[in-house]
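All of the numbers you see were taken from the coordinates with simple rules; none came from a lab. In this text the structure is predicted, and so the values were computed from the model without any measurement. Quick reminder, even Gly has a Cβ in these numbers, built from the backbone with ideal geometry, and neighbours come from all protein chains shown.
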Amino acid sequence: MIVVVDYGMGNLHSIAKALECVGGNVLVSSKGEDIKKADKIVLPGVGAFRDGVANLKKRGLDKILISEVEKKKPLLGICLGMQLLANKSYEFGEYEGLSLIDSEVKKFNESIQLRVPHMGWNNIEILKDHVLLKGVKNNSDFYFVHSYFMECKNNEDVFAECSYGSNFPVIVAKDNIFITQFHPEKSQKNGLKILKNFAGWNM
């Protein structure tokens with residue numbers, strides 16, 4: 001069973017429907033006991049980092065997520081769900097994350113002279129292979145909506161980048177963690193390939 005974590009911050013039903021479309025057995029839940037019983041976890045998210053962390057802590061889900069990931073349970077993080085795994089974010093202040101990926105979340109530099117938020121379709125450069133990227137060609141397009149990005153301390157965690165003024169990580173992976181800055185559930189066939197690979201991912 002794949003549990004999509006409901007912490008009040010995201011397109012829960014669109015990601016659930018996309019996972020069901022590729023054969024996943026999906027439950028949307030805010031209950032810690034469901035997350036503990038899950039075979040895989042999806043942490044989606046749209047909105048501010050500060051609110052996301054606060055909502056997880058209010059529901060007691062932050063410690064549960066950390067514990068389940070440390071048990072090597074597969075986790076897919078999407079957009080804000082990606083950023084929440086960082087050490088900290090500088091969005092509207094400075095806030096601590098779950099520290100599952102050694103990284104920080106920073107805003108696009110306004111000097112890039114491009115519209116922020118970064119919104120719409122953009123191609124990605126795949127830097128190295130991952131089982132969840134099976135069938136996804138290099139320079140494929142994915143759908144983005146974000147003003148902040150993850151800056152990783154360890155380059156080996158970065159599996160794909162995108163260029164928007166400068167290059168930034170869009171796929172970060174470490175052991176049982178696979179996180180994307182783009183929205184696979186909104187990225188048509190390429191996004192569905194990633195979701196199908198995640199549904200079948202056996203650690």
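Remarks
- A Förster radius of 30 Å, combined with the Cβ-Cβ distance separating Lys137 from Arg115, puts the computed FRET efficiency at roughly 0.65.
- Modelled label reach - Asn167, point 7 Å along Cα→Cβ, the stretch 86-129 residues with backbone N closer than 15 Å: 123-129
- The chain - mean residue ellipticity at 222 nm from DSSP helices (-39,500 (n - 2.57) per run, n ≥ 4, rounded to 500): -7000 deg cm²/dmol
- Protection proxy ranking, peptides 168-181, 119-132, average beta carbon neighbours within 10 Å, highest first: 168-181, 119-132
- Using the Cβ-Cβ distance between Asn155 and Lys107 with R0 = 22 Å, the FRET efficiency computed as 1/(1 + (r/R0)^6) comes to roughly 0.55.
- Calculated Cα extents along the principal axes in Å (choose from (1) 54, 36, 35; (2) 66, 33, 32; (3) 46, 38, 29), label: (3)
- For the chain, the antiparallel share of DSSP beta bridges with both residues in that region comes to about 60%.
- Whole-Hz couplings from phi, Karplus 6.51/-1.76/1.60, listed for the stretch 76-87; x for Gly and Pro: 10, x, 10, 6, 4, x, 5, 5, 5, 7, 6, 5
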